[in-house]
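Novice: Would you mind keeping the following structure in view while I ask a few things?
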Amino acid sequence: MSESAVQAESINEPQPTFLKDYEVPAYLIDEIDLHFDLYEDKTVVTSHLRVRHNRFSTSKINNLVLNGEALTLESILLNGKPLTDTEFQMTEHSLTIHHVPDNFKLEIKTIIYPHENTTLSGLYRPLDTYCTQCEAEGFRRITYFLDRPDVLSRYTTTITADEKKFPILLSNGNLVGKGKLENGRHWVKWEDPFNKPCYLFALVAGDFDVINDTFITQSNHEIKLQVYVEKGYGEQASHAVYSLKEAMRWDEKTYGREYDLDIYMIVAIGDFNMGAMENKGLNIFNTKYILAKPETATDEDYMHILSVIGHEYFHNWSGNRVTCRDWFQLSLKEGLTIFRDQTFSEDMLSRAVIRIHDVNALREVQFIEDASPLAHSVRPESYIQINNFYTSTIYNKGAEVLRMLQTILGPSLFRKGMDLYFSRHDGQAVTIEDYVKSMEDVSGIDLRQFRIWYSQAGTPIVSVEDDYDAENKRYRLTINQKTLPTPGQPNKKALHIPIRMGLLDNNGNDIPLNENVLQLTEASQTFTFENIASRPIPSLLRNFSAPVKLHYNYSDAELQFLFKHDSDAFNRWEAGQRYTLRLLLNLIQDVQHEKPLHLDHAFTDMLNYILEHDHDDDFLLAEMLKIPSEKYIGEQMKIIDVDAIHTAREYMLTEIAKSLEKNLLTTYQRHHQPSNTHTFNIKDIGKRQLKNRCLSYLMLLPKYQELGLQQFEASLKTNMSDLQTALTALANIDSPHREKALQHFYNEWKHDPLVVDKWLAVQASSKLKGTLQTVKQLTHHEAFDIKNPNKVYALIGTFGQRNAVNFHANDGEGYAFLREMVQQLDKLNPQVAARMVNPLTSFKRYDKERQALMQKQLEWLLQDTKISKDLYELVEKSLNGV
């Protein structure tokens, strides 16, 4: 290949891609036959493409422009004829073939080097395994192709490799052939009968433990299930198989969706940027969302595995069979599938607790995103690097938008709308408008205003005032909505907001209402309720029926009353959170003014009340005993005062422990079970959660440190839920027990990578002074590998995002450390680097001194002439506020 055929492209000032500029592809690729020859030092990829002009394209230029990155081009044949250098042109990111006919065959041979690919995008080689990750734009790192989701092709894949090193060769679809070759090599051929975009392509080669099972569909079709895990970890895959079968059963029952291939495969990989990937028929998972046994995985791990396996399986229809036209429609598959996996987890576990967890995640991540320079709508208008838009707004807020739609239509019509959507668009790449149109067609409801949720950024503020007319027994609610300006959107429109609500009488009973969901569609509306015998207490936004910030002037007594009596479990919890937050904000003011701290006994009496009376749902009770996180508290302040928040919250935690000591100890003892007793069911999960919540409080009192040490020693080899609770508490105590426990834990589990991640995270989240130095030391520890995303998330991610008091130390050393790590990561894996920079991007929320220190680090990053597009986009937007 002559040097004149290669042109350099600069990324110093990357240009955005705009939704408004979308055009259908000028060419389509109906079939692609891929041949992978895997060798020790390289991989040879030969692709055979059947290409045709797209009759819907208005382009008059007969040039085929293919995407490609980090590829060594060996040859190109068009209809069997080799192309000369003058017939095509290459750049760093593309291959253009000039003057192509309307229909033709194309053969392209490239060489790639997976062992050098630290981005973990495209085809890469972690240790002795080959693995792909093609979403969003990784396929272009495998071969030259139209790497966009609206190009749907039929794939066949042939793989050759050394049989001894790589006895298992996998790809999408069904296995249609295999055989032996010379020199100890072998081959397999896979054929996927369904058209798919290239981001759903997958290949895995290696040697694994295999767990086999079957599932019989509702139409009596037998599906072969296979889960592949690293050698020696087969015993940890049983919960994954259970979760998969439950997800398959649930999707049949809830949405009528059957699986459509003869085999469903999952492969667990330790080096993986994401949680998991829904490649058609061959899901690739991060090991943390597959491997679990009581000795190594907490209840939270088990629940996450259930959720993530459900999520990727549900993608088979909401993302694979019906995919998105372009990446601006990303929430069409991710928001929809998050909604599906959330409701799956609610049905499988605890409806109230799962809802609480999901809302907490939304508030602590997405609400913060909405209030930052990085705010964007559920369907963005532009992006520089699509990897940066795998955000909580796209996923979690997108799911909340779907939940609102179900509330507006009702479950029956919503299900009919889903059925119509799947049948109408099966095998297509579609838009959010297509989805909403299906809902309009089955319901007859005009959803034009509802669509604004997809295009308007920001978190709406809903303010409620009430009035009671005792003489006429009439109660009124006046509800106002507004959304504050966000970058690029100074003026906001009124949204369609469904507000689920109830009214409680003086005895805590629900007052019968004709309407329990109020449809707020204007900037201000008044809703009237007749025949209300006495002034009620409103229970507003039940089950968090819309992703908004609700303002209503509840008295302390009303919040305490709702905490004890509301029939909506979510709003019981919410009342407690509102009351607790109010007290915390008052304590923060006292800290700021150097006043003595005092906690009202009414608050601890309220917690004692539920400990003594709420024995029906231990899981929910454990949640109701939690207080808001430092992150969430900070979001309620105009200027986040890190030190005052930490001081006030630690004071409250200790006062709770002192005031509830007797009931906490009694509850702990009542729910304590031998650590070798572990089952995954909602009753036992609830017992462990409540017991460990009590222990976390008790260990704030010095006399109970020995109790924590006893639980640590008893559970070291048997029960990770109990073990991690004890270790976390010990890691926050400056005592000899701390170092002994941490070393003992590591010695016991140093050969299990996922457990070592917990060890790293526990230390990174410690509130003790000197934690930054510990984290710095751990970056040089044998347990840490900067090339492994899980290690980075556990150590660097935990410190930056879950340890505010140490990360935001006023000397700015935490900021400098994070910047240094981000710069190192950006040279290896830009996606991970972009995720790690997030704690610096909201610098304008802090005091002027911290702002200056954080801004300095961002500016330093931007001065790097080799900064990736991923990192550039986030840093530039953060600094310029656009």
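Novice: Can you go through Leu123, Leu175 and tell me which one is touching a helix residue (DSSP H, G or I) at 6+ places or on another chain (Cβ under 6 Å) and either β-branched (Val, Ile, Thr) or not in a loop (DSSP other than H, G, I, E, B) (or both)? Step through it out loud before you land on a result.
Specialist: Working: Leu175 fails: touching a helix residue (DSSP H, G or I) at 6+ places or on another chain (Cβ under 6 Å).
After ruling out the rest, the residue left standing is Leu123.
Novice: Quick one: would you say Leu405 is open to solvent by less than 10 Å² (accessible area, probe 1.4 Å), of a type in the set (A, V, I, L, M) and within 25 Å of Gln519 (Cα to Cα)?
Specialist: Working: open to solvent by less than 10 Å² (accessible area, probe 1.4 Å): yes; of a type in the set (A, V, I, L, M): yes; within 25 Å of Gln519 (Cα to Cα): yes.
For Leu405, the condition - open to solvent by less than 10 Å² (accessible area, probe 1.4 Å), of a type in the set (A, V, I, L, M) and within 25 Å of Gln519 (Cα to Cα) - is met.
Novice: One residue is enough: does region 199-210 have a residue meeting the conditions over 17 Å from Met277 (Cα atoms), open to solvent by 40 Å² or more (accessible area, probe 1.4 Å) and assigned to a loop (DSSP other than H, G, I, E, B)?
Specialist: Taking every residue of region 199-210 in turn, at least one turns out to be over 17 Å from Met277 (Cα atoms), open to solvent by 40 Å² or more (accessible area, probe 1.4 Å) and assigned to a loop (DSSP other than H, G, I, E, B).
Novice: Limited to region 720-743, what total is found for residues that are farther than 22 Å from Glu650 by Cα and in contact with a helix residue (DSSP H, G or I) (Cβ under 8 Å, 6 or more places away or on another chain)?
Specialist: Residues flagged as farther than 22 Å from Glu650 by Cα and in contact with a helix residue (DSSP H, G or I) (Cβ under 8 Å, 6 or more places away or on another chain) within region 720-743 amount to 6.
Novice: Give region 805-826 a look and list any residue that's surrounded by fewer than 23 Cβ atoms within 10 Å (Cβ to Cβ) and among the small types (Gly, Ala, Ser), or say none.
Specialist: Ala809, Gly812, Ala816
Novice: Go through region 411-450 and give me each residue that's touching a Pro at 6+ places or on another chain (Cβ under 7 Å) and of a type in the set (D, E, K, R). Walk me through how you get there before you give the answer.
Specialist: Quick first cut of region 411-450, residues touching a Pro at 6+ places or on another chain (Cβ under 7 Å) only: 429.
Scanning region 411-450 gives no hits.
Novice: Filter region 22-68 for residues that are part of a strand (DSSP E or B), within 16 Å of His99 (Cα to Cα) and either of a type in the set (Ser, Thr, Tyr) or under 35 Å from the mean Cα position of the chain (by Cα) (or both) and give the result.
Specialist: Matches in region 22-68: Tyr27, Leu28, Val65, Leu66.
Novice: Look at Thr72 and say whether it is of a type in the set (Val, Ile, Thr) and closer than 27 Å to Met277 by Cα.
Specialist: Against the criterion (of a type in the set (Val, Ile, Thr) and closer than 27 Å to Met277 by Cα), Thr72 qualifies.
Novice: Sticking with this structure for a sec: I need the full set of residues from region 1-29 which are modelled with pLDDT of 95 or more and open to solvent by 80 Å² or more (accessible area, probe 1.4 Å), in order please. Walk me through how you get there before you give the answer.
Specialist: Residues of region 1-29 modelled with pLDDT of 95 or more: 16-29.
Lys20, Asp21, Glu23, listed by residue number.
Novice: Sticking with this structure for a sec: Look at region 498-551 and say how many of its residues are open to solvent by less than 30 Å² (accessible area, probe 1.4 Å), within 18 Å of Gln481 (Cβ to Cβ), in contact (Cβ under 8 Å) with a residue 60 or more places away in the chain and in contact with a strand residue (DSSP E or B) (Cβ under 8 Å, 6 or more places away or on another chain).
Specialist: So the answer is 9.
Novice: Further question on the same structure: Taking into account only those residues within region 605-636 that are hydroxyl-bearing (Ser, Thr, Tyr) and part of a helix (DSSP H, G or I), which is farthest from Gln560 (Cα to Cα)? Let's see the steps before the verdict.
Specialist: At the first step, the residues of region 605-636 found to be hydroxyl-bearing (Ser, Thr, Tyr) are 609, 629, 632.
If we keep only those that are part of a helix (DSSP H, G or I) as well, we get 609, 632.
Numbers: Tyr609: 10, Tyr632: 21 Å.
Out of the qualifying residues, it is Tyr632.
Novice: Which one is modelled with the lowest pLDDT, of the residues in region 60-115 that are open to solvent by 50 Å² or more (accessible area, probe 1.4 Å) and of a type in the set (A, V, I, L, M, F, W, C)?
Specialist: For region 60-115, the residue satisfying everything is Ile61.
Novice: Determine if region 179-195 includes at least one residue that is under 18 Å from Met277 (Cα atoms), touching a residue at least 60 places away in the same chain (Cβ under 8 Å) and not in a loop (DSSP other than H, G, I, E, B). Before you say what the answer is, go through the steps one by one.
Specialist: First, the residues of region 179-195 that are under 18 Å from Met277 (Cα atoms): 192, 194-195.
From what's left, touching a residue at least 60 places away in the same chain (Cβ under 8 Å): 192, 194-195.
Filter once more, so that each one left must be not in a loop (DSSP other than H, G, I, E, B): none.
Within region 179-195, none of the residues are under 18 Å from Met277 (Cα atoms), touching a residue at least 60 places away in the same chain (Cβ under 8 Å) and not in a loop (DSSP other than H, G, I, E, B).
Novice: Where the second residue is of a type outside the set (Gly, Ala, Ser) and open to solvent by 30 Å² or more (accessible area, probe 1.4 Å) and the first is closer than 17 Å to Lys253 by Cα and in contact (Cβ under 8 Å) with a residue 24 or more places away in the chain and lies in region 404-420, which pairs have Cβ atoms under 7 Å and are six or more apart or on separate chains?
Specialist: Leu413/Val442; Phe414/Gln406; Lys416/Val442; Gly417/Val442
The rows are residues; the columns are (1) charged (D, E, K, R); (2) open to solvent by 50 Å² or more (accessible area, probe 1.4 Å); (3) at negative phi.
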residue: Gly410; (1), (2), (3): no, no, no
residue: Arg415; (1), (2), (3): yes, yes, yes
residue: Ser423; (1), (2), (3): no, yes, yes
residue: Asp426; (1), (2), (3): yes, yes, yes
residue: Ser443; (1), (2), (3): no, no, yes
residue: Asp446; (1), (2), (3): yes, yes, yes
residue: Trp453; (1), (2), (3): no, no, yes
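Per-residue answers, yes or no, for (1) closer than 30 Å to Pro487 by Cβ; (2) modelled with pLDDT under 95; (3) more than 21 Å from the chain's Cα centre (by Cα):
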{"residue": "Asp358", "(1), (2), (3)": "yes, no, no"}
{"residue": "Asp370", "(1), (2), (3)": "yes, no, no"}
{"residue": "Leu374", "(1), (2), (3)": "yes, no, no"}
{"residue": "Val378", "(1), (2), (3)": "yes, no, no"}
{"residue": "Arg403", "(1), (2), (3)": "yes, no, no"}
{"residue": "Phe422", "(1), (2), (3)": "no, no, yes"}
{"residue": "Asp426", "(1), (2), (3)": "no, no, yes"}
{"residue": "Gly444", "(1), (2), (3)": "no, no, yes"}
{"residue": "Phe450", "(1), (2), (3)": "yes, no, yes"}
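Novice: Just checking: which of the helices (runs of 4 or more DSSP H) contained wholly in region 641-757 hold 2 or more residues that are free of Cβ contacts under 8 Å to residues at least 60 places away in the same chain and open to solvent by 40 Å² or more (accessible area, probe 1.4 Å)? Give the steps one after another, and end with the answer.
Specialist: Details: elements: 642-659, 661-671, 682-698, 705-715, 720-731, 736-749.
Per the criteria, 642-659, 661-671, 705-715, 736-749.
Novice: Same structure, new question: Return the residue satisfying two criteria in turn: it lies in region 479-497 and is touching a residue at least 40 places away in the same chain (Cβ under 8 Å) and open to solvent by less than 40 Å² (accessible area, probe 1.4 Å), and of such residues it is farthest from the chain's Cα centre (by Cα).
Specialist: If we take residues in region 479-497 being touching a residue at least 40 places away in the same chain (Cβ under 8 Å) and open to solvent by less than 40 Å² (accessible area, probe 1.4 Å), then Ile479 is farthest from the chain's Cα centre (by Cα).
Novice: Touching a Cys at 6+ places or on another chain (Cβ under 9 Å) and open to solvent by 10 Å² or more (accessible area, probe 1.4 Å), is that true of Leu332? Working first, answer last.
Specialist: On the way: touching a Cys at 6+ places or on another chain (Cβ under 9 Å): yes; open to solvent by 10 Å² or more (accessible area, probe 1.4 Å): yes.
Answer is yes for this residue.
Novice: Output the residues belonging to region 177-198 that are closer than 30 Å to Val430 by Cβ, open to solvent by 20 Å² or more (accessible area, probe 1.4 Å) and not aromatic (Phe, Trp, Tyr).
Specialist: Filtering region 177-198 for residues closer than 30 Å to Val430 by Cβ gives 190-198.
Remaining after also requiring open to solvent by 20 Å² or more (accessible area, probe 1.4 Å): 191, 193-195.
The answer is Glu191, Pro193, Asn195.
Novice: If I ask for residues that are among the hydroxyl-bearing types (Ser, Thr, Tyr) and crowded, with 21+ Cβ neighbours inside 10 Å, which ones from region 552-592 would you list?
Specialist: Going residue by residue through region 552-592, those that are among the hydroxyl-bearing types (Ser, Thr, Tyr) are 552, 554-555, 567, 579-580.
Across region 552-592, the qualifying residues are Tyr579, Thr580.
Novice: Among residues belonging to region 269-286 that are open to solvent by 10 Å² or more (accessible area, probe 1.4 Å) and either basic (Lys, Arg) or in contact (Cβ under 8 Å) with a residue 60 or more places away in the chain (or both), point out the one that is farthest from Ser307 (Cα to Cα).
Specialist: Asp271
Novice: Given (1) in a helix (DSSP H, G or I); (2) of a type in the set (Val, Ile, Thr); (3) more than 28 Å from the chain's Cα centre (by Cα), identify the lone condition not met by Thr580.
Specialist: For Thr580, the failing item is (3).
Novice: For Lys293, state whether it is part of a loop (DSSP other than H, G, I, E, B) and surrounded by fewer than 21 Cβ atoms within 10 Å (Cβ to Cβ).
Specialist: Details: part of a loop (DSSP other than H, G, I, E, B): yes; surrounded by fewer than 21 Cβ atoms within 10 Å (Cβ to Cβ): yes.
Yes.
Novice: Would you point out which residue out of Asp301, Asp251 is surrounded by fewer than 24 Cβ atoms within 10 Å (Cβ to Cβ) and either under 30 Å from Thr118 (Cα atoms) or among the aromatic types (Phe, Trp, Tyr) (or both)? Outline the logic, then answer.
Specialist: On the way: Asp251 fails: either under 30 Å from Thr118 (Cα atoms) or among the aromatic types (Phe, Trp, Tyr) (or both).
Of Asp301, Asp251, the one residue that is surrounded by fewer than 24 Cβ atoms within 10 Å (Cβ to Cβ) and either under 30 Å from Thr118 (Cα atoms) or among the aromatic types (Phe, Trp, Tyr) (or both) is Asp301.
Novice: I'd like to know if region 733-744 contains one or more residues that are at pLDDT 95 or above and among the hydroxyl-bearing types (Ser, Thr, Tyr).
Specialist: no
Novice: Is region 595-604 home to any residue that is open to solvent by less than 20 Å² (accessible area, probe 1.4 Å), farther than 27 Å from Val642 by Cα, part of a helix (DSSP H, G or I) and not aromatic (Phe, Trp, Tyr)?
Specialist: First, pick out the residues of region 595-604 that are open to solvent by less than 20 Å² (accessible area, probe 1.4 Å): 599, 603-604.
Still in the list and also farther than 27 Å from Val642 by Cα: none.
The answer is no, given that none of the residues of region 595-604 is open to solvent by less than 20 Å² (accessible area, probe 1.4 Å), farther than 27 Å from Val642 by Cα, part of a helix (DSSP H, G or I) and not aromatic (Phe, Trp, Tyr).
The values are calculated or read from the model by the stated rules, or taken from the named source; none is laboratory data. Remember, predicted model here, so these are calculated numbers, not experimental data. Virtual Cβ from ideal backbone geometry, glycine too; neighbours counted across all protein chains shown. All accessible areas refer to the heavy atoms of the entire protein, side chains included, with ligands and DNA or RNA removed. Shrake-Rupley method; radii C 1.70, N 1.55, O 1.52, S 1.80 Å.
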